[in-house]
Every structure is written in C-alpha cells, then in structure tokens.
Amino acid sequence: MRTTVLASLIALALPSLAAAQVFDYAHQSAWQSVHDKAQSPIDIRRADAVAGDPQEAQDIVVRHTEAALEVVDNEHAVEVEAHGPDAMIRGRHFELAQFHFHATSEHTIDGESFPLEGHFVFKAKDGRLAVVGVMYREGESNRLAGKVLEALGDARHGEIEREDIAVMLPRDKSYHHYLGSLTTPPLTENVEWYVLDTPVTLSAKQIAGFEKRYSHNNRAVQPLNGRPLVHIAQH
C-alpha cells in the first residue's frame, strides 16, 4: 500500500516523503511558489464575505463515508489515506484522496486560530483539487481521532480496518469559499477551498497527541489580494 500512497501524493502535486525536509516551518519565507497572489491559508473575515448565488449549486455532500484507512506520518503531518469516500461539491463530483492535520490551525476566523485544522483533499477526474477545511477545538473526544493516534502509536504507519470518516466532519456544512493554493510546497494555486463554519471537538488528550507529532506545522496566513470570499449557509 505504500506504493499506492506515494503515487497518490505525486498525482495530487503534493510533496513526496523524500521532499519533506523542505517544509521548514521556521523559515517559510524561503518557500518558493510559481505564483504568489492567490495563496493559502487566509484570515477569514466574516464581515468581508458575500453571499453565494442562490441560483447555483452550493451544497457539500460527502458520501460513502465508511472506508478502510491507512495512517501515515509523512514527516510533516499526520495523514490518513481513504479510498472510497467521495463528495458532491457545488454539483460536481470529487473523490477523497486523503485528509491530514495542522497544529495550530492554518486558517484563522476573524483573527482567531484553533488548536487543530483538518484538510480533506478531494480530487476531480480532471485533476482539479478541492480542500474542505475543518476546525477542531477542545471538548468531547472523537472516536476516529483516537483510532488514528492509536494506529500510529510510536511508528510512522498504521491501518484502521474500517471506520466512518463522517465523525471528523460537522453535520452543518455551511462554509466560506475562496480560490487559493496548497499550503505546503510546491504551493500550487487554483485550489478550491471550503472552510467549514462549525468546529468539531476533540479531547484535550487527542489534541495533545497530534501536537506531540507536529506542534507548529501551520503556514502563516497570506494576503487575500482582492479575491472573492463567499459564504454559503447550508440547511
């Protein structure tokens, strides 16, 4: 399965394990991008967001959420490979490639950061990427988060026979949307971002478990540079 994981990462233009050493979060200014006007993450200022067009498809619907999972410490994040889940995002079909975690959160909401942020990376057949961002805060424990940490233990690889990834996502999928980039090199732009409004809770112990692996693997917020920020309230 390792070969499959690496192939998926390359196909997504995400960094390979061999390139992990370039992710020096203490010297992010040295990261190079081909373009630099539409970068991620951003500070989501809710007062600046405009309402979406009600005549267009708006919903995010994640489907087939139960799957076998492979957990990998890829030397810059805890990542979970999931094969099977997919989503209809604004009327278009995407397949989930993986989700991973950043501590503290990369996006901020009106200047506020969260202890952890999950990025659910979806890919369309034409190669387009859509990332659903989920904020995690301290509260009740989360079953799947606990299993992810248990599967890794002290190793860099583990497996979960079958689990429902929906527990890592809020039921209310209202979101802020903008066009941005990957948040790690090569910082590729034209990535669709959907940052969900409602946080999901993890226990203090679970948050500490992720922070023990990576406590500062978050890119600094980038300027919006006039990009539209759209808010969609899903019912």
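Read the figures in this text as sums done on the coordinates, not as results from a lab. This is a predicted model, so every value here is computed, not measured. Methodologically, a virtual Cβ is constructed for each residue, glycine included, from the backbone with ideal geometry; neighbour enumeration extends over all protein chains shown.
Scattering from the C-alpha atoms of the chain alone, worked out with Debye: what is log10 I(q)/I(0) at q = 0.08, 0.14, 0.17 1/Å?
With no solvent term, the Cα-only Debye profile gives -0.26, -0.88, -1.40.
Dipole of the chain (Lys/Arg Cβ +1, Asp/Glu Cβ -1, origin at the Cα centre): which of Phe120, Ala145, Pro228 lies farthest to the positive side?
The Cα lying farthest towards the positive end belongs to Pro228.
Can you compute 3J(HN,Hα) from phi for each residue in region 175-187, using the Karplus curve 6.51 cos²θ - 1.76 cosθ + 1.60 with θ = phi - 60°, rounded to whole Hz and x for Gly and Pro?
Those phi angles translate into 8, 9, 10, 7, 9, x, 8, 5, 9, 10, x, x, 6 Hz.
When only alpha-carbon atoms count, how far does region 175-235 stretch along each of its three principal axes, as whole angstroms with the largest first?
38, 36, 15
Ile44's amide H: which non-local residues (gap 5+, or another chain) put their own amide H closer than 5 Å, with H modeled 1.01 Å from N in plane and none for Pro or chain starts?
Thr108, Ile109, Asp110, Gly111
Under the rule of -39500 (n - 2.57) per DSSP H run of 4 or more residues, summed and divided by the residues of the chain, what mean residue ellipticity at 222 nm is obtained, to the nearest 500 deg cm²/dmol? It would help to have the intermediate numbers written out before the result.
On the way: 3 runs with 30 residues, N = 235.
The per-residue figure over the chain is -3500 deg cm²/dmol.
Regarding region 29-92, what's the average projected area of the Cα-atom convex hull, expressed in nm²?
The orientation-averaged projected area of the Cα hull of region 29-92 comes to 7.8 nm².
May I ask you to derive the FRET efficiency for Ala155 and Val50 from their Cβ-Cβ distance with R0 = 45 Å, giving the value to the nearest 0.05?
0.45
Give the separation of the Cα centroids, region 89-139 to region 150-195, in Å.
5 Å
Go through region 45-59 residue by residue and turn each phi into a ³J(HN,Hα) via Karplus (6.51, -1.76, 1.60, θ = phi - 60°); whole Hz please, and just put x for glycine and proline.
9, 4, 5, 8, 7, 10, 6, x, 6, x, 7, 9, 4, 10, 6
Restricting to the chain, compute how many DSSP beta bridges are antiparallel as a %, nearest 5.
80 percent
So who's got an amide H within less than 5 Å of the one on Asn142, skipping anything under 5 residues away but keeping other chains? H placed 1.01 Å off N, in plane.
Correct list: Ser203.
According to the Cα gyration tensor, what semi-axes, each the square root of 5 times an eigenvalue, does the equivalent ellipsoid of region 101-235 have, listed from largest to smallest in whole Å?
Three semi-axes, in Å: 25, 17, 16.
So what are the ³J(HN,Hα) numbers for region 64-81, from phi and the Karplus equation (6.51, -1.76, 1.60; θ = phi - 60°), rounded to whole Hz, Gly and Pro as x?
With the stated coefficients, region 64-81 comes to 6, 7, 8, 7, 6, 10, 10, 9, 9, 8, 8, 6, 9, 6, 7, 10, 10, 8 Hz.
Could you tell me the largest-minus-smallest coordinate of the C-alpha atoms of region 50-129 on each of the three principal axes, in descending order and whole angstroms?
43, 35, 22
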